[in-house]
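Chemist: Got a structure for you, written out below as structure tokens; questions coming shortly.
The values are calculated or read from the model by the stated rules, or taken from the named source; none is laboratory data. The shown structure was predicted, so the numbers you read here are calculated from the model rather than taken from an experiment. Reconstructed Cβ throughout: ideal geometry from the backbone, glycine too, with neighbour counts over all protein chains shown.
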Amino acid sequence: MNIIEIGAQLLSEKLGMDLDPNAVAPARSGLLSNDAGELDLAGLAGKMASSGNLSAVIGSWLGDGANDAISAENIMSLFGNDKLGAFAQQLGVSSEDAASGLAGALPDIMDKSSSGGSLLDLAGGAGGLLGAASAFFKK
């Protein structure tokens with residue numbers, strides 16, 4: 001099972017719905033993809049690392065220990081109302097439900113895709129994440 005299928009399964013569980021991974025892909029694309037349309041968890045990690053209140057959270061997700069929780073409110077501010085609203089509409093849920101579902105699913109998605117920190121390594125370590133975050137905010 002790849003990370004997209006795992007993510008769809010986790011989101012399905014958190015929303016209490018049976019989501020088809022193929023149906024989730026277009027919704028996910030607008031929320032978690034780079035300019036090329038590829039899943040960009042390193043970009044999300046970089047954005048979180050540059051945020052004062054979310055840097056410790058993303059560190060816990062990428063490490064080997066327990067995953068810190070993230071609130072639905074943090075999810076809403078992280079993605080913005082427009083992107084989160086479009087994601088929710090494509091899934092047929094409210095923005096609040098989408099934010100709650102993502103708050104429940106993202107820690108596990110990031111943890112599983114980091115595999116003991118490999119996502120952090122892929123992004124060039126903590127410095128690479130901060131560099132990615134810096135580039136993200138310059139756009």
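Chemist: What do you reckon, is D108 among the charged types (D, E, K, R), modelled with pLDDT of 80 or more, in a helix (DSSP H, G or I) and under 19 Å from I3 (Cα atoms)?
Modeler: Yes.
Chemist: Can you find a residue in the stretch 44-52 that is surrounded by 19 or more Cβ atoms within 10 Å (Cβ to Cβ), basic (K, R) and either in contact (Cβ under 8 Å) with a residue 60 or more places away in the chain or in contact with a Ser or Thr (Cβ under 8 Å, 6 or more places away or on another chain) (or both)?
Modeler: Yes - at least one qualifying residue is present in the stretch 44-52.
Chemist: Would you mind telling me which numbered condition in (1) exposed (fewer than 15 other Cβ atoms within 10 Å of the Cβ); (2) touching a residue at least 40 places away in the same chain (Cβ under 8 Å) K14 fails?
Modeler: Among (1) exposed (fewer than 15 other Cβ atoms within 10 Å of the Cβ); (2) touching a residue at least 40 places away in the same chain (Cβ under 8 Å), the lone unmet condition for K14 is (1).
Chemist: So which residues in the stretch 54-74 are surrounded by fewer than 16 Cβ atoms within 10 Å (Cβ to Cβ), of a type outside the set (D, E, K, R) and at pLDDT below 85, if there are any at all?
Modeler: G63, G65 - these are the residues of the stretch 54-74 that are surrounded by fewer than 16 Cβ atoms within 10 Å (Cβ to Cβ), of a type outside the set (D, E, K, R) and at pLDDT below 85.
Chemist: Return yes or no: is S29 closer than 24 Å to S94 by Cβ and among the polar types (S, T, N, Q)?
Modeler: So S29 fits the description; yes.
Chemist: Within the stretch 73-87, which residues are farther than 17 Å from K47 by Cβ and in contact (Cβ under 8 Å) with a residue 24 or more places away in the chain?
Modeler: Selection gives A86 alone.
Chemist: A further question on this structure: Scan the stretch 29-43 and give yes if some residue there is among the hydrophobic types (A, V, I, L, M, F, W, C), more than 18 Å from N74 (Cα to Cα) and touching a strand residue (DSSP E or B) at 6+ places or on another chain (Cβ under 9 Å), otherwise no.
Modeler: Among the residues of the stretch 29-43, at least one is among the hydrophobic types (A, V, I, L, M, F, W, C), more than 18 Å from N74 (Cα to Cα) and touching a strand residue (DSSP E or B) at 6+ places or on another chain (Cβ under 9 Å), which makes the answer yes.
Chemist: Another question, then. Can you tell me which residues in the stretch 75-95 are of a type in the set (S, T, N, Q), in a helix (DSSP H, G or I) and loosely packed, with under 13 Cβ neighbours inside 10 Å?
Modeler: Across the stretch 75-95, the qualifying residue is only N81.
Chemist: Which members of the stretch 15-33 meet the condition of being modelled with pLDDT under 80 and not in a helix (DSSP H, G or I)?
Modeler: If the condition is that a residue be modelled with pLDDT under 80 and not in a helix (DSSP H, G or I), then L19, D20 are the ones that fit.
Chemist: Also: Answer yes or no: is there a residue in the stretch 24-38 that is polar (S, T, N, Q), under 17 Å from I109 (Cα atoms) and in contact with a Leu (Cβ under 8 Å, 6 or more places away or on another chain).
Modeler: Yes, the stretch 24-38 contains a residue that is polar (S, T, N, Q), under 17 Å from I109 (Cα atoms) and in contact with a Leu (Cβ under 8 Å, 6 or more places away or on another chain).
Chemist: Give the stretch 111-133 a look and list any residue that's more than 17 Å from I75 (Cα to Cα) and either crowded, with 19+ Cβ neighbours inside 10 Å or at pLDDT 85 or above (or both), or say none.
Modeler: Residues satisfying the conditions are S113, S114, L119, L120, A123, L129, A132.
Chemist: Determine if the stretch 42-56 includes at least one residue that is over 13 Å from the mean Cα position of the chain (by Cα) and within 15 Å of D111 (Cβ to Cβ).
Modeler: yes
Chemist: Then there is this: Assess whether S60 counts as being hydroxyl-bearing (S, T, Y) and outside any loop (DSSP other than H, G, I, E, B).
Modeler: So S60 passes the test.
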